[in-house]
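One structure is given below, encoded as structure tokens.
The values are calculated or read from the model by the stated rules, or taken from the named source; none is laboratory data. A quick note: this is a predicted structure, and the numbers were derived from the prediction, not measured. Every residue, glycine as well, gets a Cβ built from its backbone with ideal geometry; the counts of neighbours run over all protein chains shown. To get the accessible areas, we keep the full protein, side chains included, count just its heavy atoms, and leave off ligands, DNA and RNA. Shrake-Rupley method; radii C 1.70, N 1.55, O 1.52, S 1.80 Å.
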Amino acid sequence: MKNAIQFGAGNIGRGFIGMLLSQAGYRVIFADVNETIIDRLAKDQGYTVHVMDTEVEDVPISNVTGILSNGGEIVEEIAKADILTTAVGLRVLGFIAPAIAKGIQKRCAAGSEQPLNIIACENAIRATSQLKEHVYGVLSEEEKAYCERFVGFADCSVDRIVPPVRTENPVDVVVEKYCEWNVEKASLKGEIPEIPGMNLADNLMAYIQRKLFTLNTGHCITAYTGVLAGYSTIDKTIADPQIYELVKGAMTQSGDGLIRKFGFDRDAHYHYIDKIINRFKNPYLQDDVARVGREPLRKLSADDRLTSPLLTAMSFGLPVDKLIAGIGAALRYDNPEDAQSVELQAKIREKGAAGAYSEASGVTDPAILEQVEAAYQKAGEWSRKA
């Protein structure tokens, strides 16, 4: 039986990647710092994924265990693993890289020719490449050469909404039915893993930006307008006709940029937009707007879900007013429990909305910044709806 290590035993780790790996016949070892979750996984050797959608289904997951990601045992497991995946958040990749490097060093020292494929399943562009940089920073030249032969670092895009829903069993998880996992085929080493639900992609960037510019763009604009309008969840927010019109308009504008950039079929992409919006309407998920809106500075950055679609559409001379309206709403996100929101609001008080956006995004075009400032002022009207 092949061994898989899943760094991150959170909702995405258990409800998406770990689930697919287990169903593909892998023994899945979850690695995390959460002792409660790890102890329960090690004890039960399984959990249940509750699919809550138009069709409700309970999916038992078996042949799993849990170990602490900051202990010595993880290195031994990496030394004999076939595949290693992550769902820890982009900022944590640097913290887990030393353990991954030690596992690779152990494989190299033993002369192992067993391929290891590493896939960082994070909500970011080319997260695996970033993880590879962290890992290579620890390795010797000889160990890097070993990696080039036997260790694959494959970038990917992932898409599944897994909200933080409390369950009676703390390791059970609630998910939507839809999921998409696209992995860069050319970067894999050895025999290609056969994992139902994992799509092998030749043009990964098209998949990455399609997801980022559609799901992520629409999701966060829904969240930011929902917070302003006094809604608590995504499904309640998107049911507001005015917000629906804004969100769909922004997704269409971002989509038009993608169509021009990658040559997507227009009708097929518009159908994809409709499919994504219907996912937002799922009443079973109860996805909190504050969760979706968290870390606004990251979401406003140059290569993320608000600014990148804006600049892409503008590069083709396409309309962007709805996207700019979404940016205005994001700048209004004021959540004292979110460190990035606190920092953003401090920057706005110091530099104004346009100045704060320019610093977060790197955008310096006065015409764009003027429109952003106007959108920020107009976004205040949403709060008066509450």
From the option list 37, 17, 5, 12, single residue qualifying as of a type outside the set (Ser, Thr, Tyr) and closer than 11 Å to residue 171 by Cα is 37
Taking segment 115-134 and the residues there that are charged (D, E, K, R) and in a loop (DSSP other than H, G, I, E, B), the one that is farthest from residue 279 (Cα to Cα) would be 126
Given the conditions (1) part of a loop (DSSP other than H, G, I, E, B); (2) touching a residue at least 24 places away in the same chain (Cβ under 8 Å); (3) farther than 22 Å from residue 255 by Cβ, every one holds for residue 341 apart from (1)
When segment 217-243 is checked residue by residue, the ones that are in contact (Cβ under 8 Å) with a residue 60 or more places away in the chain, within 20 Å of the chain's Cα centre (by Cα) and open to solvent by 10 Å² or more (accessible area, probe 1.4 Å) are 219
Restricted to segment 82-118 and to residues being under 17 Å from the mean Cα position of the chain (by Cα) and farther than 16 Å from residue 3 by Cα, the residue most open to solvent (accessible area, probe 1.4 Å) is 91
Selection over segment 23-58 where residues are more than 22 Å from residue 90 (Cα to Cα) and open to solvent by 20 Å² or more (accessible area, probe 1.4 Å) yields a count of 20
Of 79, 127, the only residue that is open to solvent by 20 Å² or more (accessible area, probe 1.4 Å), of a type in the set (A, V, I, L, M) and touching a helix residue (DSSP H, G or I) at 6+ places or on another chain (Cβ under 8 Å) is 79
The helices (runs of 4 or more DSSP H) lying entirely within segment 1-108 that contain at least 2 residues which are of a type in the set (Gly, Ala, Ser) are 18-23
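Looking at 306, 246, 311, can you tell me which residue is at pLDDT 95 or above, open to solvent by less than 50 Å² (accessible area, probe 1.4 Å) and under 19 Å from residue 358 (Cα atoms)? Write out each step before concluding.
Details: 246 fails: under 19 Å from residue 358 (Cα atoms); 311 fails: open to solvent by less than 50 Å² (accessible area, probe 1.4 Å).
Just a single option satisfies the conditions, and that option is 306.
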